[in-house]
1. Which residues, counting only those in the stretch 27-39, are buried (at least 24 other Cβ atoms within 10 Å of the Cβ) and either within 10 Å of Ile122 (Cα to Cα) or touching a Gly at 6+ places or on another chain (Cβ under 9 Å) (or both)?
2. Condition (residue is outside any strand (DSSP E or B), surrounded by fewer than 21 Cβ atoms within 10 Å (Cβ to Cβ) and on the phi > 0 side of the Ramachandran plot) applied to the stretch 234-252: is it met by at least one residue?
3. Specify the residue that is surrounded by the fewest Cβ atoms within 10 Å (Cβ to Cβ); the eligible residues are those in the stretch 115-171 that are out of contact with any helix residue (DSSP H, G or I) (no Cβ under 6 Å at 6 or more places or on another chain), small (Gly, Ala, Ser) and not in a helix (DSSP H, G or I).
4. Enumerate the pairs (first residue in the stretch 1-26 and closer than 11 Å to Ile122 by Cβ and among the polar types (S, T, N, Q); second residue anywhere and assigned to a loop (DSSP other than H, G, I, E, B) and modelled with pLDDT of 80 or more) with beta-carbon separation below 8 Å, excluding pairs fewer than 6 apart on the same chain, so at least 6 apart or on different chains.
5. Here are some conditions: (1) out of contact with any Lys or Arg (no Cβ under 6 Å at 6 or more places or on another chain); (2) buried (at least 22 other Cβ atoms within 10 Å of the Cβ); (3) more than 28 Å from Gly209 (Cβ to Cβ). Asn23 meets all but one. Which one does it not meet?
6. With the requirement that a residue be under 16 Å from Pro253 (Cβ atoms) and small (Gly, Ala, Ser), what does the stretch 127-148 give you?
7. Just to be sure before I move on: is Leu189 crowded, with 19+ Cβ neighbours inside 10 Å, at pLDDT 95 or above and not in a strand (DSSP E or B) in the structure I sent?
8. For the stretch 123-153: of the residues being charged (D, E, K, R) and modelled with pLDDT of 90 or more, which is nearest to Pro6 (Cα to Cα)?
Amino acid sequence: MSKAHPVQVIAVTGGKGGVGKSNVSVNLAIALAQMGRRVVVLDADLGLANIDVLLGITSNRNLADVLSGDCDLKDVLVDGPAGIKIVPASSGTQRMTQLSPMEHAGLINAFSELGDQIDVLIIDTAAGISSSVVNFLRAAQEMLFVVCDEPTSITDAYALIKLMNRDYGVNRFRILANQVRNEQEGRHLFEKLTRVTERFLDVALQYVGIVPYDEAVRKAVQRQRAVLDAYPRAKASLAIKALAEKVDSWPLPTSPRGHLEFFVERLVEA
C-alpha cells in the first residue's frame, strides 16, 4: 500500500449560512468525478447535515459509528451521483476534538485506509466560525470561500478570514462568488472583500470565478438532485465545470502534510 498517495483536501466554507456551500461542495465533487477523479465528500455540518437531503439519499450510519468501532469508514460511505462517495455528518464529529487515544488511532487508520482509494476530499463545513469549522479549515490544504452579494456574507467571510489569519497564520484564501448575475458582479463582490482584507490583514485572496444565479439550481434542489446531474447544460452547471477545471490544476500537496492521515492528525490535534 503506497503511503505517498497525495490527496487534495479542500474545505468549502464561507461563514454565513445560506450562501450555497453544500450545493457547491456536491456539484464540484460531481464535476471532478466526471473528470476521472475519485472524490469523497465529508458532510461536516453538524447541526444541519444536508447533503443527504440535497441528494435524496439516506444513510443509516455515520462517523460516530466508525469512532465507536461498530463499522469501518468504508461501511459509512454512501454512493452519490457520478461515483462520488459521501461521509454523512454526525453529531459524532463534535467529539473529534475529545477523542481517546484509541479512537484517535482508529480514525487515522480509517482515513488512511481510504487514502489510497481517493484523489480529492471535499469538506462541506458548517456555517459560522465555531471551533469545529476552524478545526476542519486548519486541517484542510485548500480553503474555498463561497460568498454571495449580501453585506452579511461579506462580513462573515471577512470575520472567518481574519480569524484564520490572525490565530493560525493562514494567508491564502480562494474566493468563489455564488448566486451572482454575471462575471462583472462576481468581480465586484471579490473587490469589496479584497478592499476590507487589504486594509486590515496581510492576506492574499485569489478569485476563482462565479457560479451564476440559476433557476435550475432551485429546481434541482426541489427534485433532490445535484444541478450538474439534473441539468448538465444549465448556466450554473457549466460554471461548476469550469471551477472543477481550475481546482484540478491546483498544486497537490507534496508531503508529509499531503497524506490523508495528516489531515486527520491535524483535525484531532486541533
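1. Scanning the stretch 27-39 gives Leu28, Ala29, Ile30, Val39.
2. So far as the stretch 234-252 goes, no, none of its residues is outside any strand (DSSP E or B), surrounded by fewer than 21 Cβ atoms within 10 Å (Cβ to Cβ) and on the phi > 0 side of the Ramachandran plot.
3. Within the stretch 115-171, the match that is surrounded by the fewest Cβ atoms within 10 Å (Cβ to Cβ) is Gly169.
4. Taking only residues 6 or more apart or on different chains, the pairs are Gln8/Asp119; Gln8/Gln141; Gln8/Trp250; Gln8/Leu252.
5. Asn23 satisfies all of (1) out of contact with any Lys or Arg (no Cβ under 6 Å at 6 or more places or on another chain); (2) buried (at least 22 other Cβ atoms within 10 Å of the Cβ); (3) more than 28 Å from Gly209 (Cβ to Cβ) except (3).
6. Matches in the stretch 127-148: Ala139, Ala140.
7. yes
8. The residue in question is Glu142.
The values are calculated or read from the model by the stated rules, or taken from the named source; none is laboratory data. Because the structure is predicted, anything quoted here is derived from the model rather than measured. Positions of Cβ are generated from backbone atoms using ideal geometry, with glycine treated the same way; all protein chains shown enter the neighbour counts.
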